[in-house]
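Below: one structure, written as structure tokens.
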Amino acid sequence: MSDRTPVLAFRDVNTHYGAVHILKDANIEIYAGEMVCLLGGNASGKTTTLKTILGYVPPTTGHVELDGENVNGWSTAQRVANGVTMVPENRRLFKRMTVRENLEIGAYLRHGEDLSEDYDRVFDLFPRVKERLAQKAGTLSGGEQQMVAMGRALMARPKVLLMDEPSMGLAPKLVAQNFEIIDRINKAGTTVFVVEQNANMALSIADRGYVLQTGRIVLDDTAEALMANPQMREAYLGDI
Amino acid sequence: MSTEVAPEPVRSRRFKFNWVDGFLWFLRVAALIAIVVGVVGSIQQFADGEGPSAAAWRDLIVSSISTGSMYGLIALGYSMVYGVLGFINFAHGEVFMSGTMVGLISATMLFENGFWDSNPWISILVVLVVAMITSTLVAVAIERVAYRPLRGAPRLIPLITSIGVSFFVQYSFAGLFGVAIRNYPPAPSQLSGNVDILGIPIAGTRLLVIGVAVVSMIGLWYFVTQTKTGSAMRAVAEDKEIAGLMGIDVDKTIVTTFAVGGAMAGVAGLLWALLFRGVDFLTGFLPGIKAFTAAVLGGIGNMPGAMLGGVLLGLFEGVGPQLVLAGLGIPAVSQLKDAVAFAALVLVLIFRPTGLLGERLGSEDRV
Amino acid sequence: MSLDPLTRRWGLIGGAIMAFTGAIGMLVSFDERILISPILSLGYLTLLLAPAIAGHMAARGKVSVLEEPEHDVAQGAQKGLVAGLIAGVFAVVFMLAVNPFDLSEFFPNINDRMFDMMTFDFGLGLGSVVLIVASALAGAAGGAIYGLDDEPREGVFRSAIWVILFSLFELVVSDVIEVDAIVDLIYARGGGLHIWSAIIIGVLAWWLGVRYKGRRAELTQMAKDSEAGSRLRWSLIGVAALLVIVLPMLVGGIVNELLINVALFILMGLGLNIVVGLAGLLDLGYVAFFAVGAYGMAVLTSPLSPAFSPELNWWVALPVVMVLAAIAGVLVGTPVIRMRGDYLAIVTLGFGEIVRILILSDWLTPFLGGAQGITRIPGIPLGATSVSGTSPELFIYMTMLLVGVAAYISYRTQESRIGRAWAAMREDEDVAEAIGISTVQAKLLAFVTGAIIASFAGALFSAKVGTVFHNSFDVLVSIIILVVVIVGGMGSIRGVALGALILIGVLGGPKSQGLLGEFAEFKLLIYGAILVYMMLQRPEGLLPSVRRSRELHQEEAAQDAWLDKKGSFIEEPEASV
């Protein structure tokens, strides 16, 4: 694994909020085509991890790498332009714009390229989205909005797709559906980095996982190994 | 918590609320009664052969609509900035003034070397371009210098800043161009007659004004809904952060928003020239406030609302005094035109602050 | 010496300011006032201040929050020199570009006088060179000053400020020192300080500052410590009060006239301060209450009041006027109770304008006199005499009395229960409601108190001028009062007084002149610039109440901390680290 360059990596990243030390010596590697999850409870540092990837929080020491390049100091826009796309928590669609316009905006940075393949892919994954193209995004149901949000992210042909708590705010049945879709997206070739509280769901589809506890990565292993890990079972997976 | 601020007994608090609500209801009813009595009085006067003739009413309505469409164009700037950044750009009236003032300079130069008379339509076009460029530049400069540093500040601070900017621009222009009122050269003779539309004679200039306003609105609509930049503007107006996540350059898009609002104000500058001809450094103040009223009337952040609000406000201030106040027996009602416009502002903000077509705010400003 | 972009940018800005101040006629106008005779006029100071500031900012370079800036005089002077040079060149290019054409039809102030002034009367050729050199030197000076260590830099500023103050306040100083011989020693015949007096004042200011630096720090420290500090504060207030009481007796009629204006604005400022500063309601139509007071008094006391002329005594009419104002406060306040801040601002602006239009209208002319207004308003009866604007030395004391009352009201309300309710409301209305504060009552009380204080000013104004008509009550007045409150410091009584003194006293009020007549055409431009500058740099004002400063900078601190605001859409399910 060390021969290939990870698409996204954290190298000894430490971050602070004033005097408070949040991320402690974080090392993460995500390779092309993988589905990796970041697990942890509240106040574990998951949020800060995402903010650091996107450039909202600069590391005090260490750096973030995209395709092996040190991106410290890069603006959010630069990072997005270089293939980092995120599906925010709570979808955050442009509710006043139509579904089609939302998808189009997802491809904003791909000037003049032919988007038909990408549209096809989105419609393939989310047939319901195709039906609702002309509707204002705010009129869709929660589950449908989630699909549009993911579709919008896919339109950018991201190098790595970040997902912020995809299970949050959805009914359990929809959660399972969601993760199934994320799985499909990954199998179709997109690298996915999921930050998630629901460890069961996340590990069921992931290749690997990192576990954050008070800012420190305490476990880093394949998904199967994590699921079998007794500490994990007790703390995060509930007694299965 | 200090024990001195003891909780009000619930009963008394509800009583207070009822009192305020009662007052507001009284206001509504009083206004309604006044309007009805006034209108009835006017109809009475008309029937008795007093007051304006039918032709005069018709002209009044047409001129109100044309003035209102000018207000609508200015209102677009207020609406767009409020939609994106969440504050009232008090200085937008000065953006309008700068366009019409510099347009005046170019018109005067053209007039002095005879070009105005020999090529009136091209001259008007030149004035239009000059006004639009000036207004756009002023709007963009103001954003860069005074508003960008205040991104994220509580909304009253940019408002107060915009008041300062408004003064600065007004008196800069007073210093640069002098304080005397200047007049645009007379409109080309082809415009001086009446044009027959559906049997209604409409003054040539007024028709041109309405026409230009409509064309501009259509152009703007096309730009905002069909172009990539327009979509970016709408995305940024709705949710700045997520728009940034899509790779949109939020700062540049905000500048574009100001620029477009400025350009529309520049067009309005030409319309002012056609309708009123006299310009000085204070020209922007009243139209500015009225245009803001129009924006709120239609629903702030809402572009069709801004145009609708503009035309409605034009009608309120143009026809209102004659229709309502004269009917109530108040003398010299045309003096009160501005007061009617301000009253419309007050009434809208008290009774329907979201406007007729609903307000459209950014995610940070929505409650 | 490479040209770093920041230096170039400041140079261009400096040059643009030089061209601008020339084109609007400010330089020529200011040239009339001599600061130091015969070498420095206000015009030349303004002209060369632009490159000096450009030099200063260029020397400062990019401001980094983390690093301590280096102080190096030579480097600063170098950068400043370049910036000043660029500014001068810009100004010269402007002149050369514009000179061949006669633009006076469109730009009346770009005329021969402007060129003469900007070329130091040397003509376009030599004068341009002189301008560039002077500008470069000014820039170097500005840059060098930045490079100084803290103590000498403060000293330079202190000296400069005191020299400028003494030259601007010539009228006041010469009134106080009534002896002509002494005045002639300090000031030259045609106006302005003698060179030697300027030098002496400068040196004295520096020396005194250095000498008493320790003592001053001690005193400020003591002032903060509550017990001893409280006594110190009260004694300082006492001394200030004594000075204020004695001053009108020392100065002449003109200055007293000015002081009355200042006092009236302090009065209105105190009232607006309660509405805006304490209760947080941005009222842009405050002049309406002033009008109620003025017209109320006019109608009640003047024999020429149309319709209704009870010809009451000023003192008897005052409570009536206060009641009218209170009613007005309720009428204005009630509809706006539920509005959000910016809408409230515009609605109150609308109210103010409606009042003015109504005053002017033909409809109300039978009651209010229309365009002619109401004249022959009697002065304030005091014993045998009647005090009005014709005897400013006495009138100022009447004004001061009411200012004192208003200040007392301000002070008491601020410290009281209602003051705390206002503070809570300012922070967060919903929370305030939740803990039991009736925001309806609190807001109305603020409006009513503000309205009553404004009516004091109106009543005084009527008696002073003897005539009221619509022109004195336009929106400009509301906004100027707002600027005074904001610049001085919202929520702070001392701040309002300082703001009024500086702005109204020096620059002039909306309809009246200040100490310096030259400012008259440009004062509103300067007001606008000051307002923008304050909002960008120091929204809490010059002498803010401590709480306000904390409030405003707290929000700033939250914004500076990118960690807080940016990327906030990536939320933790439960807000924590």
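Values computed for the structure shown
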| item | result |
| --- | --- |
| DSSP loop GluC sites (Glu not before Pro) with at most 15 other Cβ within 10 Å: longest gap in chain C | C:312-570 |
| In order through region B:87-92: 3J(HN,Hα) via Karplus (6.51 cos²θ - 1.76 cosθ + 1.60), integer Hz, x for Gly, Pro | 9, 7, 7, 4, 7, 5 |
| Sparse-neighbour loop sites [chymotrypsin sites (Phe, Trp or Tyr not before Pro); region A:121-218; at most 13 other C-beta within 10 Å; DSSP] | none |
| Residue-normalised accessible area of region C:251-560, expressed per residue, 1.4 Å probe, Å² | 34 |
| Averaged over A:85-96, number of beta-carbon atoms from partner chains that fall within 10 Å | 5 |
| Inter-chain Cβ neighbour average for residues C:523-534, partner chain, 10 Å | 6 |
| B:Asp365-C:Ile327 FRET efficiency (beta carbon distance; Förster radius 45 Å; 0.05 resolution) | 0.80 |
| 1.4 Å probe accessible area per residue over chain A, in Å² | 41 |
| Accessible surface of chain C [probe 1.4 Å, protein heavy atoms]: carbon and sulfur percent | 66 |
| Accessible-area composition of region A:91-157, carbon plus sulfur, in percent [1.4 Å probe] | 46 |
| Occluded residues from region B:162-178, i.e. those whose accessible area drops by 20 Å² or more once the chain is not alone (1.4 Å probe) | B:Ile163, B:Gly164, B:Phe167, B:Phe168, B:Tyr171, B:Ser172, B:Gly175, B:Leu176, B:Phe177 |
| Nearest-20 debye value, chain B charge dipole, Cβ charges on Lys, Arg, Asp, Glu | 580 |
| Protein accessible surface hidden between A and C, which excludes ligands and nucleic acids, total in Å², probe 1.4 Å | 1600 |
| Normalised convex hull volume, the protein assembly as shown, alpha-carbon set, Å³ per residue | 222 |
| Histogram of C-alpha separations across region C:402-466, 10 Å bin width, % | 20, 42, 24, 12, 3 |
| C:Arg215 accessible area, assembled protein chains, probe 1.4 Å, Å² | 130 |
| Structure-based [θ]222 nm, chain B - -39500 (n - 2.57) summed over DSSP H runs of at least 4, per residue, nearest 500 | -23500 deg cm²/dmol |
| Highest-fluctuation residue, A:Ala153, A:Ala188, A:Ala206 considered, GNM on chain A with Cα pairs under 10 Å | A:Ala188 |
| Shielding by partners - mean other protein chain Cβ count within 10 Å, residues of B:20-31 | 2 |
| Mean-position separation - Cα centroids, region C:239-268 and region A:15-72, in angstrom | 64 |
| Interface B:C - total buried accessible surface [probe 1.4 Å, Å², rounded to 100] | 6100 |
| Calculated SAXS-style log₁₀ I(q)/I(0) at q = 0.13, 0.14, 0.20, 0.26 Å⁻¹ - region A:91-157, Debye, Cα scatterers | -0.28, -0.33, -0.68, -1.14 |
| Karplus-derived 3J(HN,Hα), 6.51/-1.76/1.60, for each residue of region A:103-108, Hz, glycine and proline x | 4, 4, 4, x, 8, 3 |
| Crossing angle, helix C:417-427 versus chain C [Cα axis fit, 0-90 degrees, rounded to tens] | 50 |
| Aspartates and glutamates whose Cα lies under 13 Å from that of C:Lys443, excluding same-chain neighbours fewer than 8 positions away | C:Asp283, C:Glu429, C:Glu433 |
| Chain B: most fluctuating residue of B:Met80, B:Met97, B:Met233 per GNM, C-alpha cutoff 10 Å | B:Met233 |
| At most 16 other Cβ within 10 Å, DSSP loop - trypsin sites (Lys or Arg not before Pro), region C:478-538 | C:Lys511 |
| P(r) tail fraction, region A:17-176 - alpha-carbon pairs more than 24 Å apart, % | 40 |
| Region C:11-111: trypsin sites (Lys or Arg not before Pro) in DSSP coil with no more than 15 other Cβ atoms inside 10 Å | C:Lys62 |
| Accessible surface, region B:192-323, averaged per residue in Å² (probe 1.4 Å) | 32 |
| Spatially close lysines, pair count over chain B: Cα under 21 Å, gap of eight or more or interchain | 4 |
| Binned Cα-Cα distances of chain B, short to long, each 10 Å bin given as a whole percent | 5, 22, 29, 24, 14, 5, 1, 0, 0 |
| Descending semi-axes in whole angstrom, ellipsoid equivalent of chain C, from the Cα gyration tensor | 42, 32, 26 |
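The values are calculated or read from the model by the stated rules, or taken from the named source; none is laboratory data. Being a predicted model, the structure only gives us computed values, none of them experimental. A quick note on method: Cβ atoms are made from the backbone with ideal geometry, for glycine too, and the neighbour counts reach across all protein chains shown. Heavy atoms of the whole protein, side chains included, go into the accessibility calculation; ligands, DNA and RNA do not. Shrake-Rupley method; radii C 1.70, N 1.55, O 1.52, S 1.80 Å.
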